[in-house]
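Heads up: the structure comes next, in structure tokens.
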Amino acid sequence: MSKKAGVEPGLLFARSKALAVLRVRGSASALALLPAALAVVLFTAEATGRLGGPGWDTALWGLSGAAVLVLLFAAAVSAVVVRARPALTPIVPIAESTAPELYRLVGELADRLEVPAPSSIALTPDCDSWLEERAHAAPEAADRRSEARRRPPVLVIGSPFLWWLRVAELRAVLAPVVAGTGPSAHPDIAAARRFVRGLDAAVAVSDRRAALAPVGWAVRAMLRGCREHAEQMERGVAVAASTRARTVDYGLRIAAQEQVGLAYAGWDRLLTRVALPAWRMGRWPARLDAGVVSALTELSRRDRLADGFTSRLSEPPACDLLEEPDSVDEAASLLAARLFHGGAAEPGPDWAPLRWADYPAEVVDRKWRVEAARLHRLLEEPPPPEVHAAPAVTGGGRAAWHSNAGQLGALSATLRRPPVGPTLAGVVDRFAAAGGSGQTERLAARLEAETSRAERPDGGAEAAPSVAPWDEGALPLFPLRAPRTGRELLADHIAAMVCCAAVDGGAAVPGMDWLDGPVLLIAGVRAADLHPPVRALLEDGDPAPLRRWLDAAGVRPEKPVRLV
């Protein structure tokens, strides 16, 4: 580390807080040794004849036994803290041989900042970058580097940044992150971080094993004692890194941060609107990072605030620093599917990669037909019987029973399968007859329960027990969207039936919007006004707006719809 780093106020503050964290560790050790030290003092006093008397031996050996128990408990706590595996973020490691230009850029940046270079580089399928200590989990390399080279943490870069940011922008964005390797190499800060990571990991271990509950109590007490100091230490490290990074590309960094915000918005839309429907179909887009460029270009075109951003695309993107960007994109895309949805670790028959060109046919059309088939089946199936108290055997009771039987018979006739097969006209007539009544609510509840089971990555299995953060069994880690209500699901399924009818009649084709996902294209133009007439049918039982929409689009609702 540079000598001038020692006079940086942020670093001085971080070092003082690191020492405060280590004092918590020292205090805990001293507290564990206190009974044993007191027993030694008393044994020494007895041996020299300074203390003694009736009952003295009983008290002395009782204290010694307590001291042994405290030492054993302290040893157990220390063993759990030392042996517990700290949480590690799932990443895509990038070897230096596969990205020499990227490593050269980061190395030159570290030289300009006068800090140690990161030990390695990895990617994360998210719009963020940070330093992460992973030395305890890294296998021993055959060409063992020096201890100084292996000590700095790993630089984790958000994969969308490589495809959207230009090379100069990426360097400016990474400058404050790389500058953090300087404080990370300080012995006191590194020791304090290892101690806090060990405590966090020990808490997770004790939560999973009931026998370690007393250990968990002690670890939490230490964690509470040092948490505030640890948070302030990290703030000091961030201030020191930011101050040092001001000397490198500071003006460009301000403009690059606008691109970071734009990347985050486009990445979120791409995941929730485009990738999520594919994941639920058992397909994972293998070029998510390349797709984010298309999504952000479209966002720039629509958003007046982004005017002029697309002109920068003539400059080389940062992904040109990779030897095989397509392979890296595929690995990051598969990890994104696992993190955000819970897909399998490797491709297989039910979990296959997907090209963007195949998205409309293999995801959009299939999604609509699966939802239309689910809606049709629930409409055809009789609802589960409701349990009522048996009526009294009186004339009035028998009359009530026959009245209910008549209503059930009428409802059954309403739900009878049409002779020509499933048609959109039949669905519209049924919801128009229901008129937004309780029947619609019950159907929405059944649809919500079934859709929730079908869209769960584990195929409807019960949730796994509590596991440690980043544990492989805990995936997915980041649920993308809040659960939809039954009414929202019902509207989506009716719209899917409409889309199937439009495609089967030749009036439209499935398409994909980079920001909104599956769309219906009529004469090459996106049909964006479908949901208002669907909501009118669902909520008010009014079929007129939807029938006008179908007439304008040239869709014949009486024709049978092909389902999955």
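One line per residue, one yes/no per condition, for (1) over 20 Å from Arg374 (Cα atoms); (2) in contact with a helix residue (DSSP H, G or I) (Cβ under 6 Å, 6 or more places away or on another chain); (3) at pLDDT below 95; (4) assigned to a helix (DSSP H, G or I):
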site: Leu520; (1), (2), (3), (4): no, yes, no, no
site: Asp529; (1), (2), (3), (4): yes, no, yes, no
site: Ala536; (1), (2), (3), (4): yes, yes, yes, yes
site: Asp551; (1), (2), (3), (4): yes, no, yes, yes
site: Val555; (1), (2), (3), (4): yes, yes, yes, no
site: Glu558; (1), (2), (3), (4): no, yes, yes, no
*Of (1) open to solvent by 30 Å² or more (accessible area, probe 1.4 Å); (2) closer than 25 Å to Leu288 by Cα; (3) in a loop (DSSP other than H, G, I, E, B); (4) of a type outside the set (Asp, Glu), Leu515 satisfies all except one. Which?*
(1)
*asked:* Given the criterion of a type in the set (A, V, I, L, M, F, W, C) and under 27 Å from the mean Cα position of the chain (by Cα), identify the matching residue among Val239, Val178.
replied: Val178
*Select from the range 538-549 the residues that are over 22 Å from Asp504 (Cβ atoms) and not hydrophobic (A, V, I, L, M, F, W, C) and write down the one among them that is modelled with the highest pLDDT.*
Asp542
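Residue-wise test of (1) surrounded by 15 or more Cβ atoms within 10 Å (Cβ to Cβ); (2) in contact (Cβ under 8 Å) with a residue 40 or more places away in the chain; (3) acidic (Asp, Glu).
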residue: Leu22; (1), (2), (3): yes, yes, no
residue: Leu31; (1), (2), (3): no, no, no
residue: Leu34; (1), (2), (3): no, no, no
residue: Leu38; (1), (2), (3): no, no, no
residue: Thr44; (1), (2), (3): no, no, no
residue: Ala66; (1), (2), (3): no, no, no
residue: Val80; (1), (2), (3): yes, yes, no
residue: Ala87; (1), (2), (3): no, yes, no
residue: Ile91; (1), (2), (3): yes, yes, no
*Residues Ala265, Ala202, Ala238: which one is touching a helix residue (DSSP H, G or I) at 6+ places or on another chain (Cβ under 6 Å), at pLDDT below 95 and either open to solvent by less than 20 Å² (accessible area, probe 1.4 Å) or outside any loop (DSSP other than H, G, I, E, B) (or both)?*
Ala202
_Top-ranked residue in the range 493-511 [being over 16 Å from Arg547 (Cα atoms) and β-branched (Val, Ile, Thr); ranked as surrounded by the most Cβ atoms within 10 Å (Cβ to Cβ)]_ = Val503
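The rows are residues; the columns are (1) open to solvent by 50 Å² or more (accessible area, probe 1.4 Å); (2) among the hydroxyl-bearing types (Ser, Thr, Tyr); (3) at pLDDT 95 or above.
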position: Arg134; (1), (2), (3): no, no, no
position: Ala138; (1), (2), (3): yes, no, no
position: Arg150; (1), (2), (3): yes, no, no
position: Pro160; (1), (2), (3): no, no, yes
position: Leu170; (1), (2), (3): no, no, yes
position: His186; (1), (2), (3): no, no, no
position: Ala191; (1), (2), (3): no, no, no
position: Leu212; (1), (2), (3): no, no, no
position: Val215; (1), (2), (3): no, no, no
*So which residues in the range 68-78 are surrounded by 12 or more Cβ atoms within 10 Å (Cβ to Cβ) and more than 21 Å from Ala204 (Cα to Cα), if there are any at all?*
Val68, Val70, Leu71
*Which one of these does Leu375 not meet: (1) at pLDDT 90 or above; (2) closer than 25 Å to Asp268 by Cβ; (3) over 23 Å from the mean Cα position of the chain (by Cα)?*
(2)
_Based on this model, can you work out whether Arg273 counts as of a type in the set (Lys, Arg), under 25 Å from Asp492 (Cβ atoms) and either within 27 Å of the chain's Cα centre (by Cα) or modelled with pLDDT of 90 or more (or both)?_
yes
_The conditions are (1) open to solvent by 20 Å² or more (accessible area, probe 1.4 Å); (2) within 40 Å of the chain's Cα centre (by Cα), and Val106 fails exactly one of them. Which is it?_
(1)
*Complete set of residues in the range 1-29 that are farther than 20 Å from Asp200 by Cα and either modelled with pLDDT of 95 or more or of a type outside the set (A, V, I, L, M) (or both)*: Ser2, Lys3, Lys4, Gly6, Glu8, Pro9, Gly10, Phe13, Arg15, Ser16
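Among the residues of the range 344-363 satisfying the criterion of being modelled with pLDDT under 90 and among the hydrophobic types (A, V, I, L, M, F, W, C), which is surrounded by the fewest Cβ atoms within 10 Å (Cβ to Cβ)?
Ala345
The values are calculated or read from the model by the stated rules, or taken from the named source; none is laboratory data. None of the values given here were measured: they were computed from a predicted structure. Counting neighbours? That spans all protein chains shown, and the Cβs are built from the backbone with ideal geometry, glycine included. We work out accessible area using only protein heavy atoms, side chains counted, and drop any ligands, DNA or RNA first. Shrake-Rupley method; radii C 1.70, N 1.55, O 1.52, S 1.80 Å.
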